[in-house]
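Single-structure report; data block below.
We did not get these values from a lab; they are worked out from the coordinates using the rules stated. Bear in mind the structure is a predicted one, so any value in this text is a computation, not a measurement. Virtual Cβ from ideal backbone geometry, glycine too; neighbours counted across all protein chains shown.
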């Protein structure tokens with residue numbers, strides 16, 4: 001795991017200083033070394049910078065940038081099956097100077113070009129400069145585990161693992177995209193391929209970018225798409241055989257993630273996903289896997305005791321740490337720095353805490369994300385599958401009449417219920433779904449914090465909805481079912497821009513490599529073709545995954561209400577963060593950028609303080625934007 005950055009732009013006297021500044025901004029991603037490369041062609045210059053976190057081949061020979069046969073490479077991530085590819089290349093006459101996966105990527109690209117990507121099992125962002133062709137090639141892994149930002153404006157091309165490395169270049173112009181701000185307030189992140197700044201993008205997962213120095217053209221292409229597997233007939237296989245084959249695929253993919261020349265551990269929450277990873281890795285091993293759990297002093301949100309019992313049952317080398325509310329609050333001021341684009345997922349705080357704990361003992365930690373997106377674990381899937389058909393079966397005239405009644409009777413005017421937690425938000429969502437109960441609209445209603453109507457009220461006219469995978473129509477009609485639709489959307493949106501971004505920044509904030517064992521392409525390519533009823537089975541979410549876990553952990557240890565390390569955002573905003581909320585959301589601070597109607601923001605705050613508990617997430621999103629703005633735009 002490392003940090004990469006670079007530029008292509010006009011020749012000038014400060015080329016070395018520019019690439020050093022951009023690379024230094026990523027020092028937390030790679031404390032073990034740095035390297036630079038500058039190449040001048042005609043009136044242009046190429047700069048590449050690398051910060052190294054040594055994981056495979058710890059010797060200086062594996063430092064980057066690395067050169068081979070006219071190719072320069074900087075690489076962030078890991079190719080877990082690099083030894084297999086290396087042996088294949090050796091049989092073809094290639095000779096290697098190191099034992100690193102970086103050198104294997106170089107040789108593979110020279111041997112097979114773009115087809116070499118088909119062989120890579122891993123997480124990666126790669127930047128290759130082909131000197132003879134005067135071309136920069138940038139590649140992001142299939143699932144989007146590793147981040148990649150790029151900027152192109154007025155002949156200047158910049159790229160980097162984090163946005164802060166681009167901002168370190170003197171030619172970067174910080175102009176905020178108002179449509180991206182609206183997207184952030186709706187989802188808690190700016191959806192790919194967009195960025196908070198104009199002229200700036202995220203390279204989408206499974207995509208490749210080429211930049212030609214002479215023509216100054218950018219060519220984007222997609223080399224892998226999850227819909228290629230959802231758009232295939234479901235497999236004709238029994239449930240029992242599907243469970244056995246799934247376990248084999250999971251085991252192989254999980255073992256790949258243990259490849260390292262440094263200590264490796266696992267984040268163990270006690271839920272099904274992390275328990276699956278831990279149990280399959282610990283089985284048949286005498287050496288104890290290192291597991292890590294973060295606990296909280298609030299027993300209503302503390303899963304640490306359950307995780308400890310599972311660790312004891314599996315026989316892992318377990319470490320737990322109980323953090324105080326103040327320790328969690330102390331992280332809040334640092335969030336805008338590490339998440340250098342507005343980001344509102346409050347679970348970033350416990351993820352940073354568990355990363356700090358793990359880093360004391362290991363350099364690599366496995367995070368069991370994506371089980372929900374692959375094997376149907378989210379509550380919103382439950383909601384759509386249980387209630388979607390009922391709403392869709394109602395005659396349109398009846399639905400619209402009910403929606404009009406709800407429009408005429410505000411939720412505040414309904415006795416008793418208007419004092420219930422989250423009633424107002426649910427009332428509004430139900431009204432919207434009566435108007436349009438399509439799966440697309442249901443997904444948006446269940447995912448968005450600010451609705452489109454609320455965005456219009458907050459911003460006024462002129463805001464456009466970004467064209468993103470949230471609106472994808474790639475799932476073909478002959479392969480369509482609501483569950484496949486929802487999981488494919490989440491795989492390309494929430495998973496990439498929220499979950500994976502959260503884990504990457506949290507782990508790298510302490511120079512810890514976070515790996516995602518569920519995100520080997522072999523898993524989703526298999527699971528996408530399994531019958532949906534194997535994943536959501538008679539109302540049971542993640543059914544096939546649960547059956548695998550029950551082979552190693554007693555059912556009674558697993559079957560409990562999911563808690564998770566929740567951040568008490570509502571309580572904080574009413575108490576510990578009340579002054580901070582008023583400070584950042586004051587008229588003075590809001591008018592600095594003039595995006596929002598100040599009166600509307602104040603109405604949201606006053607309504608929250610008067611008892612509208614469902615407004616706490618809206619305020620949290622606004623607060624996170626204001627704190628980001630203060631950090632990066634003042």
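Could you order the peptides 215-223, 24-32 from most to least packed, using the average number of other C-beta atoms within 10 Å per residue?
Values: 215-223: 11.8, 24-32: 19.2.
Listed from highest to lowest mean packing, they are 24-32, 215-223.
What distance in nm separates the two pseudo spin-label positions at residue 583 and residue 436, each 7 Å out from Cα along the beta-carbon direction?
4.1 nm
If I stretch the segment between residue 309 and residue 330 completely, what's the gain in nm (0.36 nm per residue apart, minus their alpha carbon distance), one decimal?
Once the chain is fully extended between residue 309 and residue 330, it gains 4.6 nm.
Using the scaling law 2.2 N^0.38 Å as the reference, what is the normalised Cα Rg of the range 568-634?
For the range 568-634, the normalised Cα radius of gyration comes out at 1.04.
Got a sec? How would 278, 296 order by Cβ neighbour count within 10 Å, fewest to most?
With the fewest neighbours first, 278, 296 line up as 296, 278.
To the nearest 0.05, what FRET efficiency results for residue 569 and residue 92 with a Förster distance of 60 Å applied to their C-beta separation?
0.60
Return the Rg/Rh ratio of the range 2-224 with Cα-based radii and a Kirkwood Rh.
Using Cα coordinates only, the ratio equals 0.96.
Using a basic spin-label model with each label point 7 Å from the Cα along Cα→Cβ, how many nm lie between residue 32 and residue 593?
3.7 nm
Relative to a virtual label point 7 Å from the Cα of residue 285 in the Cα→beta-carbon direction, which members of the range 511-543 show backbone nitrogen distances below 18 Å?
Hits in the range 511-543 for residue 285 at 18 Å: 513-520.
What base-10 log of the normalised intensity I(q)/I(0) is obtained for the range 154-237 from the Debye formula, alpha carbons as equal point scatterers, at q = 0.17 Å⁻¹?
Relative scattering, expressed as log10 I(q)/I(0), comes to -0.87.
Can you give the helix-only mean residue ellipticity at 222 nm for the chain, where every DSSP H stretch with n ≥ 4 adds -39500 (n - 2.57) and the sum goes over all residues, rounded to the nearest 500 deg cm²/dmol?
-11500 deg cm²/dmol
If you restrict to DSSP beta bridges whose two residues both lie in the chain, what percentage is antiparallel, to the nearest 5? List each step's numbers first, then the result.
Values: 61 of 78 bridges.
The answer is about 80 percent antiparallel.
When a footprinting reagent is the concern and you count Cβ atoms within 10 Å, what order do 373, 630, 34 take, fewest first?
630, 34, 373
Which whole-number percent gives the relative contact order of the chain, counting Cα pairs below 8 Å spaced six or more residues apart? Each step should come with its number before you reach the end.
Working: 1097 pairs, mean separation 102.9, N = 634.
Relative contact order of the chain: 16 percent.
Ranking 100, 14, 607 by Cβ neighbours within 10 Å, fewest first, what do you get?
Fewest to most other Cβ atoms nearby, the residues stand as 14, 607, 100.
Rounded to the nearest 0.05, what FRET efficiency do residue 426 and residue 609 give with R0 = 22 Å and r taken as the Cβ-Cβ distance? Could you check?
0.60
Of all the C-alpha pairs in the range 305-371, what % are more than 16 Å from each other?
59 percent
Taking the simple approach of a point 7 Å from Cα along Cα-to-Cβ for both residue 249 and residue 13, what is their distance in nm?
Using points 7 Å along Cα→Cβ, the separation is 6.0 nm.
Please find the FRET efficiency linking residue 337 to residue 178, where r is the Cβ-Cβ separation and R0 is fixed at 22 Å, and quote it to the nearest 0.05.
After rounding to 0.05, the efficiency reads 0.40.
Quick one: which of 202-212, 128-138 comes out on top by average Cβ neighbours within 10 Å, and what's the full order, highest first?
Working: 202-212: 20.9, 128-138: 18.2.
Result, highest mean first: 202-212, 128-138.
Write down the radius of gyration of the chain and its Dmax, each obtained from C-alpha positions, in Å.
24.7, 79
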